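Worksheet for the structure shown next.
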Amino acid sequence: MKVYQIYYSNETERSNDHGFLPLDNLTNERPDWREYWPIRKYLMENTLEENTFYGFLSPKFKDKTGLSSGQVYEFLEKNKDASVCTFSPFFDQSAIFINVFEQSNAVHPETINFYKELFKILDLGIDISTMCMHSLNTVYCNYFVAKPAFWRVWFAHCELIFNIAETEKSKLSVDLNATVPHDYSQAPLKVFVIERIVSLLLSLNDWGVKPYSVNINSFALKNLIDRKGELYILDSLKIAYHLSGDVDYLKLFLERRKSFFSYD
């Protein structure tokens, strides 16, 4: 198990969970790519060992999940046969939205059209307006640990996005590099696109995923904690739709979530 926690300042180096392996990003050469830059550098410079778990967590991992390195390692030890283990926060965001792209459109308006154009170029053959994601395949903040087989696929898709942003002179490139609101500040859209690739891949194929239930206790909107029971139902309806293909489950999900959104 090689689970790294990225640090980009002396402060984050001190405050990180020292049970994780440290990943030095002090030079922070490309802050516009946030965590993807040190992850990319690691994957390009190192040969991954098959059957070894790798993870690259941000300094905010404990704040967002409440988890220690010991809890992460214990979960990985119990799920050695998995290809991917997820530790995603924000269960409310996973439950309410049909997928991470609809959620993106809610926090960054008009991005749903960007994603549709992007996935046409990537030729994935999917309809992201109806693609159903749930707590078993949704990951926020890149909080996942995986074996090399998954990392290779993930990295290949991320590099396609990286190359569009870095080398093309197109509307997609402009959009990827444009900034959007984030935590009372601004960040490039490409950072959030990269963060959504893991959920996309986990939804497209059966990777043998084991999700940690931290997402049930971590909410982006604290006022929704009292509505946890309703969120469980929404999530369960999406899982049922994903497994059965019965559109009645999806219709019921869309109907029951209306109370959460004025625009539904």
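The values are calculated or read from the model by the stated rules, or taken from the named source; none is laboratory data. Because the structure is a prediction, the values reported are computed rather than measured. Counting neighbours? That spans all protein chains shown, and the Cβs are built from the backbone with ideal geometry, glycine included. With ligands, DNA and RNA removed, areas are computed over all heavy atoms of the protein, side chains included. Shrake-Rupley method; radii C 1.70, N 1.55, O 1.52, S 1.80 Å.
Helix hunt in the chain: which complete DSSP H runs extend at least 20 Å axially by C-alpha with mean Kyte-Doolittle at least 1.0? Working shown, then result.
On the way: long enough: 148-167 (27 Å, 0.55); 189-204 (23 Å, 1.87); 228-244 (24 Å, 0.20).
Result, helices passing both filters: 189-204.
Give the long-range amide H neighbours of L57: residues separated by 5 or more places, or on another chain, with amide H under 5 Å away, using H modelled in the peptide plane at 1.01 Å from N.
Y4, Q5, I6
Relative to the Cα centre, what is the charge dipole magnitude of the chain, using +1 at the beta carbon of each Lys and Arg, -1 at the beta carbon of each Asp and Glu, and rounding to the nearest 20 debye? Working shown, then result.
Numbers: 28 positive and 34 negative charges, 50 e Å.
Around 240 debye, computed over the chain.
Whenever you get a sec, compute what percent of the accessible area on the stretch 1-74 sits on carbon and sulfur atoms (1.4 Å probe). It would help to have the intermediate numbers written out before the result.
Values: 1800 of 3950 Å².
That share works out to 46 percent.
Whole Å is fine, so just give me how far the alpha carbon centre of the stretch 1-45 lies from that of the stretch 210-257.
If we compute the Cα centre of each part, the gap is 33 Å.
Would you work out what percent of the accessible area of the stretch 84-149, with all protein chains in place, is carbon or sulfur (probe 1.4 Å)? Please report the intermediate quantities before stating the final value.
Working: 1050 of 1980 Å².
Of all accessible area on the stretch 84-149, carbon and sulfur atoms account for 53 percent.
Mind checking which of Q103, Q186, Q93 has the largest fluctuation in a GNM of the chain, springs on alpha carbons under 10 Å?
Its mean-square fluctuation being the largest, the pick is Q186.
Quick one: which residues, 5+ away or cross-chain, put their amide H under 5 Å from the amide H of A187? H built at 1.01 Å from N.
Those lying under 5 Å, H to H, from A187 are V180, H182.
From Cα pairs below 8 angstrom and at least 6 apart in sequence, can you work out the relative contact order of the chain, rounded to a whole percent?
24 percent
Which residues make up the longest stretch of the chain that has no chymotrypsin sites (Phe, Trp or Tyr not before Pro) in a DSSP loop with at most 15 other Cβ atoms within 10 Å?
Details: sites that count: Y184, F261, Y263.
My reading of the result: 1-183 is the longest stretch.
Which whole-number value in Å² is the accessible area per residue of the stretch 31-181, probe 1.4 Å? Intermediate results must be reported in sequence, preceding the final value.
Working: 6360 Å² over 151 residues.
Per-residue accessible area for the stretch 31-181 comes out at 42 Å².
Can you give me the C-alpha center-to-center distance between the stretch 127-151 and the stretch 79-116, rounded to a whole angstrom?
7 Å
Which of rounded, prolate, oblate describes the stretch 35-163, given a ≥ b ≥ c as roots of the alpha-carbon gyration tensor eigenvalues and a/c under 1.5 marking rounded, otherwise prolate only if a/b is larger than b/c?
On the way: a/c = 1.84, a/b = 1.31, b/c = 1.41.
Note, shape of the stretch 35-163 comes out oblate.
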